[in-house]
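Trainee: Provided herewith is a single structure, encoded as structure tokens, for subsequent inquiry.
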Amino acid sequence: MNFLKPALIGAIIIGASIPVHARDLVVAVADPVGSLKDQMCQRFVDSVRSEIPDLGLNYVQGEALGSAKSVMEQHVSGTVDIFCNEIVWFANYVNDLQILGWGFTFRDPQHMVNFFDSELFDPIEEEAISKGARILAARPTQPRMLFTKEPVGSIDDIQNIKMRVPQLKSYLELWTALGTLPTQVSWSEVYLALNTGVVVAAEGPPTDAGKQNFHKAAPFVTRTDHLYSTVHISINEATWQSLSGEQQTKLADLANAATEWGMNQAQAEVQEVLDGFVSEGATISEIDKAPFQQKVEDAVGRMESEGLWRPNLWKDIQGL
């Protein structure tokens, strides 16, 4: 897949291409300071400041601009120029990306890379652009695991439990299909929700979940590995069009380098983070995934009939 698409290149004045922007571009992450996505975004910002010094950046760390859902809305509207986070936040604008929140779709990180780099992803890129934001780069990071207050030995143990999910329809449908009672809670409030009993289970990648102390409130960590988190960098389309061709090329290259770093760093951290959980009193366990896989596969037809993603996309991904 080629994330860098042909585009208009600024305004032409007396035969020269010039950037139209007259302010620092706002870069946001909507993730805790020190998290993997924050580290990746900081590396990207630093590299842009070094390699494209004429492009001013204002990096707003943490959740100062609101939740990821809120920042995504600001990104599409143009008040946030560049967004570093999970690509699945595009799913509220590009239906096919709901598939990234549908468990057991991808066998491993390379399978997801193959999807991002395939022709199957091309219509997704084009639709994202039409909705106002261009995906510069995206890569998988860590498997998402289940964090619960009580041990989980089989799928029976999660029936009718209050399960935290983000504000994305595919997550809601996934955990409904698996038999839980999904409850939408923002990422920054999950630890409190677990501590107070608003939910008794949550899921997430170990590095970011660890930063939020999920394992302290819900110390039973089950290796469901049902999804792979991602990192992505996108730019508001109007902002993109205001850049010179040289700026566009460099920005896309730096975004690709940053997401590659994020993928490699995340995968290297998994075991180290899990070992840290154990040292702090958590229990890590494996589980038979077959019953989970069967339930979600059985629901694929219903998801496609409801338009959650385009027909046969799930099947086409399995063929990659």
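Computed from the coordinates by the stated procedures, all read-outs in this text should not be read as laboratory data. These numbers come from a predicted model, not from an experiment. Backbone-built Cβ (ideal geometry, glycine too); neighbour counts: all protein chains shown.
Trainee: Specify which residue in the list PRO151, GLN248, ASN114 is farthest towards the positive end of the charge dipole of the chain, using unit charges on the beta carbon of Lys, Arg (+1) and Asp, Glu (-1), about the Cα centre.
Mentor: Farthest towards the positive end: PRO151.
Trainee: Run the dipole for segment 43-179 about the Cα centre, Lys and Arg Cβ at +1, Asp and Glu Cβ at -1, nothing else charged, and hand back the magnitude in debye, nearest 20.
Mentor: That gives a dipole near 480 debye.
Trainee: Then there is this: Where does helix 68-77 land angle-wise versus the long Cα axis of the chain, in degrees 0 to 90, nearest 10?
Mentor: Here the helix axis deviates by roughly 20 degrees.
Trainee: Here's a follow-up. Check the straight Cα-Cα distances from LYS37 and name the aspartates and glutamates below 15 Å, setting aside those fewer than 8 residues away within the same chain.
Mentor: ASP46, GLU63, GLU86, ASP208, GLU260, GLU269
Trainee: Taking neighbour Cβ counts within 10 Å as the exposure measure, how do VAL190, VAL26 sort from fewest upward?
Mentor: Fewest to most other Cβ atoms nearby, the residues stand as VAL26, VAL190.
Trainee: Let me ask something else. Ordered by residue, what ³J(HN,Hα) values in Hz, to whole numbers, does segment 238-248 give under the Karplus form 6.51 cos²θ - 1.76 cosθ + 1.60, where θ = phi - 60° and Gly and Pro are x?
Mentor: Whole-Hz 3J(HN,Hα) from phi for segment 238-248: 5, 5, 4, 5, 7, 8, 6, x, 5, 5, 4.
Trainee: When the dipole is taken about the Cα centre of segment 160-316, and only Lys, Arg (+1) and Asp, Glu (-1) are charged at their Cβ, what size is it in debye, to the nearest 20?
Mentor: Computed about the Cα centre, the dipole is about 460 debye.
Trainee: Same structure again: When the Karplus curve 6.51 cos²θ - 1.76 cosθ + 1.60 is applied with θ = phi - 60°, which whole-Hz ³J(HN,Hα) does each residue of segment 81-92 get, with x for Gly and Pro?
Mentor: Values, residue by residue: 7, 10, 10, 10, 5, 7, 5, 4, 5, 6, 5, 6 Hz.
Trainee: Cα centroids of segment 243-320 and segment 155-183: how far apart, whole angstrom?
Mentor: 18 Å
Trainee: Using unit Cβ charges (K, R positive; D, E negative) and no other charged atoms, how large, in debye to the nearest 20, is the dipole of the chain about its Cα centre?
Mentor: Magnitude of the dipole: close to 440 debye.
Trainee: I need the phi-derived Karplus couplings for segment 214-221: 6.51 cos²θ - 1.76 cosθ + 1.60, θ = phi - 60°, integer Hz, Gly and Pro marked x.
Mentor: For segment 214-221, the Karplus-derived couplings read 3, 5, 7, 8, 9, x, 9, 9 Hz, x marking Gly and Pro.
Trainee: So, one more: With Kirkwood's inverse mean 1/r over C-alpha pairs for Rh, give me the Rg to Rh ratio of segment 68-155, two decimals please.
Mentor: Across segment 68-155, the Cα-based Rg/Rh ratio is 1.03.
Trainee: Take the chain, connect every pair of alpha-carbon atoms lying under 10 Å apart with a spring to form a Gaussian network, then pick out the residue of ASP288, ASP38, ASP108 with the largest mean-square fluctuation.
Mentor: ASP288
Trainee: Say the dipole of the chain comes from +1 at the beta carbon of Lys and Arg and -1 at that of Asp and Glu; which of ILE99, PRO166, GLY34 then lies farthest toward its positive end?
Mentor: Ranked along the dipole, the leading option is PRO166.
Trainee: Between (i) 91, 41, 33; (ii) 60, 43, 31; (iii) 70, 42, 30, which matches Cα extents along the principal axes in Å calculated for the structure shown?
Mentor: (iii)
Trainee: In terms of modelled amide H atoms, which long-range or inter-chain residues lie less than 5 Å from the amide H of VAL165?
Mentor: Amide H to amide H, under 5 Å and 5 or more residues apart or across chains, VAL165 pairs with THR183, GLN184, VAL185.
Trainee: State the antiparallel share, in %, of DSSP beta bridges confined to segment 91-239, rounding to the nearest 5.
Mentor: Percentage antiparallel, nearest 5: 75.
Trainee: Another question about this same structure. Roughly what angle does helix 122-131 make with the longest principal axis of the chain, taking Cα atoms, 0 to 90 degrees, to the nearest 10?
Mentor: Orientation of helix 122-131: about 70 degrees from the principal axis.
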